[in-house]
Amino acid sequence: MQVKKSEKPTPRGVYRPKFTFFHPNPKGTGTAVSMEVHPAHDNIEGSIFLSAANQLTVGDRTGDAPVYPRFDWENKMTVRLCFEDLCQILLVLRGQCESINEGRGLFHSTSEFNTRIGFRHLIEPVSGYSLELSRMPVKPGACEQRARILFTDAEAFGISEAISGSMATICFGMPMVIRRDEAAVKENCAQQNQKSRYVAA
C-alpha cells in the first residue's frame, strides 16, 4: 500500500488536502481511493467526497529508474458521502454490522448516474474491508463503471478514526470567531436585570 498527498504546489487557501490509498497489483486490476473533507458552511451540509480510480499501468520497479503504476483519475468515480452515509460506514468499521444495509449498500441517483456504494467486512479469503462502487449512466447504451478496493484491518482502523474526527466539521463547519455585538449584550443584561427585579418584587 502507498499513501501520499498531492505534491503539486498550489496557492495557500486554495488547496484542499486529500488522503489517498494506492492499491496496485501485478495484474493491473488495482484501485486507488482518495478522500476529501468538505466542512459544513452557510446552509450547506458537510460531507466527505470519495473518489475511486482504476489502475491503468502495472509499472516497473526494477532498475535504477522505477516506474510506478498509474491510475485513471480522468475517469474516476466520485461520490458525496453525507452524514447518514458516513454513519452507515462507521457502523461497519466499528463491528456493529457486517455490511451496509445488510449487503444492499447505499444508492445515489443524479440526473447523469445511478451509483451503488457497497461496504462490508470480510474474513475470508483475507481479513479486511471491501469498498465497491458501481455506476450506471442514465444515458441509454452507456457502459457501467466498477471499482473495488480491499482495505486492511489497519487501514480500516485509520479510516474509522479519520471519519470520526471529521464529524464535528461535517456537522458544524469550521469554528469562527465572531465579533460580539456589545449593544445587544448590554440590552440583554438590562432585560435580565429587569426580570430579576420583577421576580424579587
* **Linear extension gain, S109 paired with D60, 0.36 nm per residue minus alpha-carbon span** => 13.7 nm
* Value of relative contact order over region 66-187, rounded to a whole percent, pairs C-alpha under 8 Å and six or more apart -> 17
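Any read-out appearing in this document is the output of simple, stated calculations on the displayed coordinates, not a laboratory observation. A quick note: this is a predicted structure, and the numbers were derived from the prediction, not measured.
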